[in-house]
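Reviewing the structure listed below.
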Amino acid sequence: MSWPPQSINKSLPNAKSIFFNLPKPTPCLPHVFLTAISLLFFISSTKRNPSFVKFLPFVSSDRRRFLKIPSMSHSGPPFATPQALSDWLKPRLPSDSLALWGVKPGTKNVHNLWLELSEGETSIVDSSPPLRTVNVVTVRVMGKDDLVLVESRQQLSDGSFRDRFRPLSEKMKPNETVEEAVARAVKEELGSVIDPGSVRIVPGSYIEKLEERNSASYPGLPVRYVLHSVDAWVEGLPEEDFCTNEQEEYQDLNGTMELEKAVSVRKHFWKWVSSDSLRS
C-alpha cells in the first residue's frame, strides 16, 4: 500500500503536500515524564480517598467545624485574633448581647474569651447560640467549727466589682489533673497570704457534677461547667475576713498585648461561712 492512500489523493489533490509538510512529532522526554507523574499522583490520590476532590473545599473553607468536639487538649487558638472570634460570634449570639461584654459591670470582653480558647481552658460548640464548655476545679477550704471559706466578691481591672459567694474556683488547664489544678488555684488566689505547699486534699471528698446556665461573664453565651469539687485543708489562712491579690492569670501570647485588653481579677475578698449555707 502506497502512502498517502490513493483515496485520500483523489479527494484531496493537495493531500500529498499537506501530509509531507507536517512536522514529524518528536518525543519530548520532560513532557512525557511530567505527564506520567501527574497521572500517577491523581490515580494514587483517588485510590486512597475516592472523595479527595470533594473534601478539598471543606478543609479550606470552613475551619470552624473543627470546634464542634469539646476538648481540653490544647492545639492552639482556633481563631487567629479576637476580632476573628468577634466576627464569628456576632451572627450566632442574641442581638446586642456581644455589645455588653466588658461594658456591663462584672462582665468580661472578647479578649478574655479569646485568651481562654488560646490557652485551651474553654471549648465552643458551633451552634446558635454557641455553647461554651469549661472544666472547673472547686476547692471547699475547710476551717474551724465547720466553717468553709468562700469568695464573697472580686475587684476587676476595670474597677468594677462582682459578687461571687462561692468556694475557691479555677478553670482547669489542658491535661491538668485535679490535684495539680487544686495546687495551682490555691497558689494563684491565696498565695499572697500563705506559704506554698500548705494544701492537703481531704481523702474521698472528690465529686464531679455538670451544670448548665447563662454566663454572667459573657451575656448571651450559655455555658456548661464540668465541676470537679474537693474539700481541702489550707494552712496559714487568717481566721477573720481577708482579701488577696490575684497573680497574673495569663501570659502574653507572642507579644500580641491581648492580655492588657482583657478584663482581669485584681483582688479576691474572702469570708468564712457555715457549711450549711452552701448546701442547696
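Scan the range 197-222 residue by residue and report those that are at positive phi and either among the β-branched types (Val, Ile, Thr) or at pLDDT 95 or above (or both).
Those that are at positive phi and either among the β-branched types (Val, Ile, Thr) or at pLDDT 95 or above (or both): GLY204, GLY220.
In the range 179-201, what count of residues is obtained for those that are closer than 12 Å to SER169 by Cβ and in contact (Cβ under 8 Å) with a residue 60 or more places away in the chain?
2
Say we look at the range 94-108 and pick out the residues that are open to solvent by 80 Å² or more (accessible area, probe 1.4 Å) and without any contact (Cβ under 8 Å) to a residue 24 or more places away in the chain; which of these is farthest from ASN214 (Cα to Cα)?
VAL103
Quick check on the range 170-187: of everything there that is open to solvent by 20 Å² or more (accessible area, probe 1.4 Å) and not in a loop (DSSP other than H, G, I, E, B), which residue is nearest to SER215 (Cα to Cα)?
Result: LYS171.
How many of the residues making up the range 196-251 are open to solvent by less than 80 Å² (accessible area, probe 1.4 Å), of a type outside the set (D, E, K, R) and not in a loop (DSSP other than H, G, I, E, B)?
So the count comes out to 15.
Since ARG132 meets every condition but one in (1) buried (at least 20 other Cβ atoms within 10 Å of the Cβ); (2) in contact with an Asp or Glu (Cβ under 8 Å, 6 or more places away or on another chain); (3) under 23 Å from ASP163 (Cα atoms); (4) of a type outside the set (Asp, Glu), which condition does it not meet?
Of (1) buried (at least 20 other Cβ atoms within 10 Å of the Cβ); (2) in contact with an Asp or Glu (Cβ under 8 Å, 6 or more places away or on another chain); (3) under 23 Å from ASP163 (Cα atoms); (4) of a type outside the set (Asp, Glu), only one is false for ARG132: (2).
For the range 148-167, give me the residue count where each residue is touching a Phe, Trp or Tyr at 6+ places or on another chain (Cβ under 8 Å) and either open to solvent by 50 Å² or more (accessible area, probe 1.4 Å) or over 12 Å from VAL273 (Cβ atoms) (or both).
Count: 3.
Kindly evaluate ASP146 against the criterion of being over 30 Å from the mean Cα position of the chain (by Cα), charged (D, E, K, R) and at positive phi.
So ASP146 fits the description; yes.
So which strands (runs of 3 or more DSSP E) stay within the range 104-158 end to end and still have 1 or more residues that are among the β-branched types (Val, Ile, Thr) and out of contact with any Leu (no Cβ under 9 Å at 6 or more places or on another chain)?
Qualifying strands (runs of 3 or more DSSP E): 131-141.
The values are calculated or read from the model by the stated rules, or taken from the named source; none is laboratory data. Keep in mind the model is a prediction, meaning the values are calculated, not measured. Positions of Cβ are generated from backbone atoms using ideal geometry, with glycine treated the same way; all protein chains shown enter the neighbour counts. Note: accessible area is taken over every heavy atom of the protein model, side chains too, but ligands, DNA and RNA are not part of it. Shrake-Rupley method; radii C 1.70, N 1.55, O 1.52, S 1.80 Å.
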